[in-house]
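Student: Just passing along the structure, written as structure tokens.
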Ligand code: AMP
């Protein structure tokens with residue numbers, strides 16, 4: 001299964017993504033993790049991304065697409081993957097669709113994890129990452145609203161969107177996600193016959 005995991009910063013996406021990939025046995029592809037790793041290794045992509053990440057802005061599509069295209073062609077992605085934090089803009093979504101269409105491996109579903117904004121700021125403030133300062137948090141939520149939430153409509157328009165309530169315990173959220181994934185898997189089986 002090729003899943004896109006969508007949701008604002010602080011929704012608990014990272015934690016649930018790790019549990020989901022363990023459950024499904026597919027790689028977890030987080031562009032945030034890849035970019036932070038590139039920064040710590042001092043690669044060209046890392047150097048280009050630094051100022052955007054530290055100020056809470058999105059890294060330009062061209063840079064993100066470069067690392068993503070490379071990653072998706074690795075052999076461990078053949079059986080599927082969970083994309084976490086990508087795509088983040090309509091530009092990235094359409095580029096990804098074209099890239100995957102050319103390989104005959106379209107996205108299976110986009111899963112949106114939802115909680116209200118007050119809870120998001122609370123959760124982010126408790127995480128302690130350098131880009132989790134209150135003013136940077138607001139900046140990141142603002143960019144999410146402006147650039148990423150239209151993605152939800154994009155995937156809904158393609159009949160690929162599944163919404164999941166992100167409130168409650170980690171266990172409760174994980175159970176909901178597993179139920180939704182079972183539905184997605186059965187749809188996919190019907191499609192492939
Ligand atoms: P995350 O770990 O997903 O919260 O990402 C941390 C930061 O990395 C974001 O605030 C962006 O600056 C950058 N980033 C991660 N993924 C993307 C993406 N798909 N497009 C643009 N910027 C990204």
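Student: Can you compute the label reach from residue 129? Point 7 Å from Cα along the Cβ direction, backbone N cut-off under 20 Å, restricted to the stretch 75-116.
Tutor: 82-90, 92-93, 111-116
Student: While we're on this one: Counting only C-alpha contacts under 8 Å and six or more residues apart, can you give the relative contact order of the stretch 1-114 as a whole percent?
Tutor: Reported relative contact order: 49 percent.
Student: In the stretch 1-51, what is the volume of the convex hull around the alpha carbon atoms, normalised per residue and reported in Å³?
Tutor: Measuring per residue, one finds 102 Å³ for the Cα hull of the stretch 1-51.
Student: Would you mind computing Rg(Cα) / (2.2 N^0.38 Å) for the stretch 57-144, counting N as its residues? Write down the numbers at each step before the final one.
Tutor: Values: Rg = 15.5 Å, N = 88, 2.2 N^0.38 = 12.1 Å.
Cα-based Rg divided by the globular estimate yields 1.29.
Student: As a test of the formula, what do you get for the chain when each DSSP H run with n ≥ 4 contributes -39,500 (n - 2.57) and the sum is divided by the residue count, at 222 nm and rounded to the nearest 500 deg cm²/dmol?
Tutor: Dividing the helical sum by the residues of the chain leaves -18000 deg cm²/dmol.
Student: Another question about this same structure. Average the reciprocal distances over every distinct pair of alpha-carbons in the stretch 1-126, invert the result, and give the Kirkwood radius in Å.
Tutor: For the stretch 1-126, inverting the mean 1/r across all distinct Cα pairs yields 15.3 Å.
Student: Mind giving me the nanometre distance, one decimal, between the label points for residue 77 and residue 94, set 7 Å out from Cα along Cα→Cβ?
Tutor: Going from the residue 77 label point to the residue 94 one covers 2.1 nm.
Student: In percent, how large is the relative contact order of the chain, given Cα pairs closer than 8 Å and 6 or more residues apart?
Tutor: In percent, rounded to a whole number, it is 32.
Student: Taking the alpha-carbon centroid of each part, what is the distance from the stretch 1-23 to the stretch 84-117 in angstrom?
Tutor: Using only Cα atoms, the two centres lie 13 Å from each other.
Student: Could you list 13, 178 in order of exposure, starting from the residue whose Cβ has the fewest other Cβ atoms within 10 Å?
Tutor: On the way: 13 22, 178 13.
Listed from fewest to most nearby Cβ atoms, that is 178, 13.
Student: Between residue 40 and residue 147, take the C-beta separation as r, use R0 = 22 Å, and let me know the FRET efficiency to the nearest 0.05. Mind dumping the intermediate values first?
Tutor: Details: r = 26 Å, r/R0 = 1.16.
Efficiency at R0 = 22 Å is approximately 0.30.
Just so you know, all these numbers are worked out from the coordinates, no wet-lab data involved. Since the model is a prediction, treat every value here as computed from it, not as a measurement. Positions of Cβ are generated from backbone atoms using ideal geometry, with glycine treated the same way; all protein chains shown enter the neighbour counts.
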